[in-house]
Amino acid sequence: MNALRRLLALACAIVLPSFALAQAYPVKPVRMIIPFPPGGPTDLMGRMAADRLSRAWGVQVVADNRGGAGGNIGFEQCAKSPPDGYTVCMVHVPYKGQAQSVIDQISGQIQLAFNTAV
């Protein structure tokens, strides 16, 4: 009886973890938010990155331009997107140097959301 319990426990230890395998990433299209209007250098770099990621991942990476307010509209949309890994944000270095009062006026959560990314 004791051997049967051990055998059953061993079988469960081998079989049950196979049910918990993670999904491959990504399994649906990824959205890349570019916080500037189309045609500028940030847009061109973002579209090139989206194309390379599409080829590397095997799923479509959609470039989504959200220009306005010096990029803050796009950054705010990135900060408010669900944290599921299917929204990628094109961030450029000068954003961290913008006036704190401008950032606070648009959304108090932007600075909190992006401090962990840098």
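For R31, the residues 5 or more places off, or on other chains, whose built amide H falls under 5 Å of its own are V62, T87, V88. In nm, to one decimal, how far is the modelled label at V27 from the one at S81, with both set 7 Å along Cα→Cβ? Going from the V27 label point to the S81 one covers 2.0 nm. Across segment 34-50, computed HN-Hα scalar couplings (Karplus, 6.51 cos²θ - 1.76 cosθ + 1.60, θ = phi - 60°) run 10, x, 9, x, x, x, x, x, 5, 5, 4, 5, x, 5, 5, 5, 4 Hz from first to last residue, x flagging Gly and Pro.
Computed from the coordinates by the stated procedures, all read-outs in this text should not be read as laboratory data. Because the structure is a prediction, the values reported are computed rather than measured. Note that we place each Cβ from the backbone using ideal geometry, even for glycine, and neighbour counts take in every protein chain shown.
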